[in-house]
1. Taking the Cα centre of the chain as origin, sum charge times position over the Cβ atoms of Lys and Arg (+1) and Asp and Glu (-1), and report the length of that vector in debye to the nearest 20.
2. Under a 1.4 angstrom probe, counting protein chains only, how are 362, 171 ranked by accessible area, largest first?
3. Considering the dipole of the chain built from charges on the beta carbon (Lys and Arg +1, Asp and Glu -1) around the Cα centre, which of 316, 240, 195 is farthest to its positive end?
4. When only DSSP loop residues count, what trypsin sites (Lys or Arg not before Pro) in segment 393-442 have their Cβ near at most 15 other Cβ atoms within 10 Å?
5. Please compute the modelled spin-label separation between residue 260 and residue 5, points set 7 Å along Cα→Cβ, answer in nm with one decimal.
6. Can you pull out the chymotrypsin sites (Phe, Trp or Tyr not before Pro) in segment 1-83 that DSSP calls coil and that have at most 10 other Cβ atoms within 10 Å?
7. Which residue fluctuates the most in the chain, going by a Gaussian network model with Cα springs under 10 Å, if the choices are 332, 235, 214?
8. If you place +1 on the Cβ of every Lys and Arg and -1 on the Cβ of every Asp and Glu, how big does the dipole about the Cα centre of segment 50-204 come out, in debye to the nearest 20?
Amino acid sequence: MHLSNYFLPVLKENPKEAEIISHRLMLRAGMIRQQAAGIYSWLPLGKKVLDKICGIIREEQNRAGALEILMPTIQPANLWYESGRYDDYGKEMLCIQDRQERDMLYGPTNEEMITDIFRSYIRSYRELPLNLYHIQWKFRDEIRPRFGVMRSREFLMKDAYSFDSDYKSACASYNRMFVAYLRIFTRMGLKTIPMRADTGQIGGDLSHEFIVLADTGESMVFCDRKYLKIPVPSANINFFDDATIENIVRQWTKPYAATEGMHNKDGIWAKMTEGDRLSARGIEVGHIFHFSTKYSLPMGALIMGQNGKKHPVSMGSYGIGLSRLVAAVIEASHDDNGIIWPKEIAPFDIGIINIKPGNIHCDNFSQMCYEKLQSAGFDCLLDDCDEQAGSKFATMDLIGLPLQVIVGPRSAMAGEVEIKDRKSGTRKAMSFKDAINHIGGI
Ligand code: 5CA
């Protein structure tokens, strides 16, 4: 992509309305635009990051045996009358009427709808376990939408729903998602800690929140520093070996970890050494729940068991705040100059800066670099705009692509480029041929 053909409305000034760094940087880097309180459009750079995150989540959900579907944003209210949650949910739910005056709502979550799908098709334990997920926009009319996409009213969520015939199998499904989550967040360059949490509006008696540690997090969290060292399973882990998966979950739930609501300062915490205690602020990027028959019982989602008797199916649900994740990654990875994208979710792999557009050597050489890197499989953004070098460097640092290739008049004539690593800030001059080897090896 040539910057002159792109839509990247960067802001030079800090927007006043943004209280936290990720909100500020997302606005400055032209990733999002607020359309109403807590409602955002995603501009090209932001949309690319969102899509990359979707890609990782899909890969890891599929690897763990979940199947992708797509449910609508608008739901009929009668499903929610059946579960009894229509009144419980309160003002956070956006209720609407269609032209026939039927009660509808903009889905804040999908337990009811998925239970309806399940009961329409599945009759026997033989068809289980089953895990269905979708990536869809949700609406929650938060009292205080704030911090940009961190706490918005409309937000993108991945929500998965598991169905099992008994408790043991439901625990295995829960554990698979638990381990998939560890892999998802690690691939995005995040350190997340699973914590026992309050089940709130979703219900049930078992849930874990996945928390990214960051100073601007909304909630206080308390955990053992050992979490920072536990290894995350590799891609070739067998998700269908229940014992192995259970062992990993045991390892990741043994040290103390609790959100504010669940924290007991007089229990295990009191016995831990000062050096092991980590109390910090955190951002909840995912939340998984086992709620058994909370929806299947009132909604009549029954299956025939091995004993020939019908019983309600055992369920869990597993959410990830996709749009929130974009902000969480920025909170965890930035410096004074802007965003520092982890490689896997960077909107482009490489930014090429032509310092002097109009100079024939610079134009030809930077275009050649662009074509060679593109054909080597790198997604590049070539800054070919007629701007001061200082402003070009600032924009490239702001948007945070992992690697910069800088082409100036003198280096272009010598067939050389400068390579800058965004994270460390180190710059190295080398021939373009060496640069290709260097970049390929990174
Ligand atoms: N149905 C369940 C799991 S599928 C559910 O809705 N869980 S949740 O309420 O915990 O939401 C899942 C995730 O969505 C949260 O962990 C959080 O990362 C994200 N999320 C929730 N509310 C918002 C919001 N207002 N803005 C941005 N992200 C949000």
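1. Numbers: 54 positive and 55 negative charges, 125 e Å.
Dipole about the Cα centre, nearest 20: 600 debye.
2. Working: 362 0, 171 35 Å².
So, going from the largest accessible area down, we get 171, 362.
3. The listed residue farthest towards the positive side: 240.
4. Values: sites: 410, 420, 422, 423, 427, 428, 433; in loops: 422, 423.
Here the sparse-neighbourhood loop sites are 423.
5. 4.9 nm
6. Details: sites: 6, 7, 40, 42, 80, 81; in loops: 6, 7.
Sparse-neighbourhood loop chymotrypsin sites (Phe, Trp or Tyr not before Pro): 7.
7. Looking only at 332, 235, 214, the biggest GNM fluctuation is shown by 235.
8. Numbers: 23 positive and 22 negative charges, 154 e Å.
Dipole magnitude for segment 50-204 comes out near 740 debye.
The values are calculated or read from the model by the stated rules, or taken from the named source; none is laboratory data. Please read all numbers here as calculations on a predicted model, not as lab measurements. With ideal geometry, Cβ positions are generated from the backbone for all residues, glycine too; neighbour counts draw on all protein chains shown. SASA here: full protein model, heavy atoms, side chains in, ligands and nucleic acids out. Shrake-Rupley method; radii C 1.70, N 1.55, O 1.52, S 1.80 Å.
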